[in-house]
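Participant: Following this message is one structure expressed as structure tokens.
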Amino acid sequence: MDLIASGAVLKTVDSDFEQKFKARQHWSSSQDAAIESRVAEILADVQKRGDTAIVEYTNRFDRLQAKNLAELELTQAELKKAYDGLPEEQRSALTQAAARVRSYHEAQKKACGESWSYRDADGSLLGQKVTPIDRAGIYVPGGKAAYPSSVLMNAIPAHVAGVCEIIMVVPTPDGTKNNLVLAAAYVAGVSRAFTIGGAQAVAALAYGTATIPKVDKITGPGNAYVAAAKRSVFGQVGIDMIAGPSEILVIADGSTPPDWVAMDLFSQAEHDELAQSILLCPDQPYIDQVLASIAKLLPEMPRRAIIEKSLTDRGMFILTRSMQEACDISNAIAPEHLEISSNEPHKWEPLLKHAGAIFLGAYTSESLGDYCAGPNHVLPTSGTARFSSPLGVYDFQKRSSIIEVSESGAQTLGKIASVLAHGEGLQAHARAAEMRLR
């Protein structure tokens, strides 16, 4: 793999840097028309035929032979059995990770998820009432890989928020159930779980069937069909986000062992060929060391072909004029995962405005955040960190304004409202306010 020849190695001092940078940064999120059309058919069919359609699609796509949807539901006893049957090392790791994720989101709830109110000078009560949604649906990917961490990251904040019922869907192609995923559902407090996936699972959660209850919000990643389905049902239910390819950006000052940085870049490149791994550094010899580490470590990687394709097509190794310029470029990219691999991470962190998650210091590998640090690993991608946030307790809550106007307050507010309502030509609004005036 020749990353220099592939155009992955860039310098901000070059006159054509912006052109090359934008060309490698670009990722088309346009959906294939055939996928959109097929998803629309599936959604409509599930709306019409409910359980029957779900079973037919699941049997077809996952190569099963279920006779009804009851055969595709996982009982709480099955989830507990999966947990109890794990090797001690896995059970302990899962339990510890869940505890850390729960602790973080409980702190998050205290910071931003509580109701509040105050009384103004006229004695009127003003405030905000925070309440959880009634029912959440979480989509857990299955098939090529199993993601128990996704179960924890989606179900635990919902549970902490106070959601009464959490419905999990996870595809099990050829009937293969992953015990870690089932055990994670048990640990995270999933209420009901179904072994279904794809657009039909999103449809079931969005519309409800005789067996699967309609939810208020759907969270969790999936393939192109799942993403298209979530986009289509948004408005009838809430969704977390439409996720693009995974991203990691490392700002390095040359103080971290280059093997560490190379492996951190691999950690996202191994997701899929469209994943993007970027290194920003003002030290050319250090960039060369990281490139040498990549050449040395890549042959050891089981997912070598995927990593190589990702780095060759979308990777970037950028020599910057300074660490500050590296921070400016990072802000322009707004990456999903941002590592500050520096001896002075707290010096540079205040300069960084846009990122899904920020990992401070050489010892903070992105993979720790994926599994067990505590903060959520469901993060905005494709530059959307400029305006969106990680999945959190707040995604499973809604806010109601509280207003109780006193008699005294009505005298002041009524006059203001009357003037503005007449200005808008809404006489009934004005009269309703004026009737409260003495």
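Participant: Taking other Cβ within 10 Å of each residue's Cβ, how do 281, 327, 372 sort, fewest first?
Facilitator: Numbers: 281 24, 327 21, 372 18.
Fewest to most other Cβ atoms nearby, the residues stand as 372, 327, 281.
Participant: Between 261, 215, 405, where does the largest GNM mean-square fluctuation fall for the chain, given springs only between Cα atoms within less than 10 Å?
Facilitator: 405
Participant: Can I ask one more? Enumerate the calculated ³J(HN,Hα) couplings along segment 197-210 in order (Karplus 6.51 cos²θ - 1.76 cosθ + 1.60, θ = phi - 60°), each rounded to whole Hz, writing x wherever the residue is Gly or Pro.
Facilitator: Along segment 197-210, the couplings run x, x, 4, 5, 5, 4, 4, 4, 5, 6, 9, x, 9, 4 Hz.
Participant: Which of the lysines could be linked to residue 48 by a straight reach, that is with a Cα gap under 23 Å, when you skip same-chain ones fewer than 8 residues away?
Facilitator: Straight-distance partners of residue 48: 67, 214, 217, 230.
Participant: While we're looking at this one, here's another question. Taking amide hydrogens as modeled 1.01 Å from N in the peptide plane, which residues meet the under 5 Å criterion relative to residue 397, leaving out close sequence neighbours?
Facilitator: 133
Participant: If neighbour count is taken as other Cβ atoms inside 10 Å, put 341, 15 in order from fewest to most. Could you put the intermediate results ahead of the total?
Facilitator: On the way: 341 26, 15 6.
Least crowded to most crowded, the residues run 15, 341.
Participant: Which pairs in the list 80/110; 110/398; 81/177 are over 20 Å apart, alpha-carbon to alpha-carbon? Walk me through the numbers on the way to the answer.
Facilitator: Values: 80/110 30 Å; 110/398 15 Å; 81/177 12 Å.
Over 20 Å apart, Cα to Cα: 80/110.
Participant: Give me the distance between the Cα centres of segment 175-254 and segment 402-438, rounded to whole Å.
Facilitator: Value for the Cα centre distance between the two parts: 46 Å.
Participant: To continue, here is another question. Residue by residue through segment 354-361, which ³J(HN,Hα) values in whole Hz follow from phi under the Karplus form 6.51 cos²θ - 1.76 cosθ + 1.60 (θ = phi - 60°), with glycine and proline marked x?
Facilitator: Taking θ as phi minus 60°, the curve returns 10, 6, x, 8, 10, 10, 9, x Hz for segment 354-361.
Participant: Can you compute 3J(HN,Hα) from phi for each residue in segment 312-321, using the Karplus curve 6.51 cos²θ - 1.76 cosθ + 1.60 with θ = phi - 60°, rounded to whole Hz and x for Gly and Pro?
Facilitator: With the stated coefficients, segment 312-321 comes to 5, 8, 10, x, 9, 10, 10, 7, 9, 6 Hz.
Participant: Would you mind checking which residues have amide H under 5 Å from residue 193's amide H? H placed 1.01 Å from N; only 5 or more apart, or other chain.
Facilitator: So residue 193 has HN proximity to 74, 168.
Participant: Okay, next question. List the residues whose amide H sits under 5 Å from the amide H of residue 317, counting only those 5 or more places along or on another chain, with H placed 1.01 Å from N in the peptide plane.
Facilitator: Correct list: 9, 10, 279.
Participant: Fewest first, what order do 48, 230 take by the number of other Cβ atoms within 10 Å? Intermediate values should be presented prior to the final figure.
Facilitator: Values: 48 10, 230 26.
If I rank by nearby Cβ atoms, fewest first, I get 48, 230.
Participant: Sticking with this one: In deg cm²/dmol and to the nearest 500, what is the mean residue ellipticity at 222 nm of the chain if only DSSP H runs of at least 4 residues count, each as -39500 (n - 2.57), divided by the residue total? Present the calculation step by step, with values, prior to reporting the outcome.
Facilitator: Values: 17 runs with 200 residues, N = 438.
The per-residue figure over the chain is -14000 deg cm²/dmol.
Participant: While we're on this one: Size of the dipole of the chain about the Cα centre, Lys and Arg at +1 and Asp and Glu at -1 on the beta carbon, nothing else charged, in debye to 20? Could you put the intermediate results ahead of the total?
Facilitator: Details: 42 positive and 51 negative charges, 273 e Å.
That gives the chain a dipole magnitude of about 1320 debye.
Participant: Now for a separate question. Roughly what percent of Cα-Cα pairs across segment 194-276 reach past 20 Å? Present the calculation step by step, with values, prior to reporting the outcome.
Facilitator: Details: 1675 of 3403 pairs.
Result for the distance tail: 49 percent.
Participant: I need to check one value: relative contact order of segment 167-224, counting alpha carbon pairs closer than 8 Å and at least 6 residues apart, in percent. Spell out each step's value before the answer.
Facilitator: Working: 49 pairs, mean separation 19.8, N = 58.
Taking the mean separation of contacting Cα pairs over the length of segment 167-224, I get 34 percent.
All of the numbers you see were taken from the coordinates with simple rules; none came from a lab. Bear in mind that the values here come from a model prediction, so they are computed numbers and not experimental data. Heads up, the Cβs are rebuilt from the backbone with ideal geometry, glycines too, and the neighbour counts pull from every protein chain shown.
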